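Participant: Could you have a look at this structure, given as structure tokens, before my questions?
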Amino acid sequence: MIKILKFTLIILLLTTFNIKITMALEEPKYEIIKTTKDYEIRKYFNRLAVQTEYSYEDSGFRYLFNYISGENSISEKVSMTVPVTQSVKIDMTSPVAQFNKDGKMVMQFYLPSKFTIENAPQPTNNRVKLITMNGGYFAVLKYSGRSSDKNYLKKLNKLKDYLIKDQIEMLDSGTKATFNGPFTLPIFRRNEAMIKIKWN
């Protein structure tokens, strides 16, 4: 019984510490345009990110983590921000629902707002690129729980159903945004399914 209590206390302390760290991290600026009982519409502004492409057999996280850990042109450590975003690379000449044949995934870390495309440290790994993420309007569904692909796709499909019902045009196939580290208990995690939309 004492061992169980100690274990529970350790988990709670790690979770609290992780939540405080996450709350302290910088997040891209946005305006909430509309809130419904199921989702919200946000207007995001242009933001700088580092990006990598990877396959289902590979992982993009380590390339981006290495960049912010100092694997860049000036060996500078870059502050972590939230969220980490993932999406499937899409052939832009195809319908929104059609994935690119090469099956590539895209992962991004947003850079702190003090950086611009001119002054941000340049990646030294050719698999990592500095990009400007164009702003726009996004429908966002927040959810807790595991940040697994299965959970994300379930929430993404719900969001798509809401947008179809509300007759809102979708401009991409969706993005998964995760805000917490692996030590955060699923009940305390903040995840989001995001879809770029046409908004008048």
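Participant: For segment 174-187: of the residues being buried (at least 18 other Cβ atoms within 10 Å of the Cβ) and farther than 22 Å from Lys37 by Cα, which is nearest to the chain's Cα centre (by Cα)?
Facilitator: Asn180
Participant: Another question about this same structure. Being assigned to a loop (DSSP other than H, G, I, E, B) and surrounded by 15 or more Cβ atoms within 10 Å (Cβ to Cβ) is the filter; apply it to segment 43-83 and report the residue that is nearest to the chain's Cα centre (by Cα).
Facilitator: Pro83
Participant: Looking only at strands (runs of 3 or more DSSP E) that lie completely in segment 115-200, which have at least 3 residues being farther than 19 Å from Glu26 by Cα?
Facilitator: 136-143, 191-197
Participant: Right, another one. Inside segment 27-75, can you point out the residues that are in contact with a helix residue (DSSP H, G or I) (Cβ under 9 Å, 6 or more places away or on another chain) and of a type in the set (D, E, K, R)?
Facilitator: Residues satisfying the conditions are Asp38, Glu71.
Participant: If you don't mind, another one. What residue, among those in segment 153-170 that are surrounded by fewer than 15 Cβ atoms within 10 Å (Cβ to Cβ) and hydrophobic (A, V, I, L, M, F, W, C), is nearest to Gln51 (Cα to Cα)?
Facilitator: Within segment 153-170, the match that is nearest to Gln51 (Cα to Cα) is Leu153.
All of the numbers you see were taken from the coordinates with simple rules; none came from a lab. Predicted model, so just to flag it, every value in this text is computed and none were measured. So basically every Cβ, Gly included, is an ideal-geometry build from the backbone, and we count neighbours across all protein chains shown.
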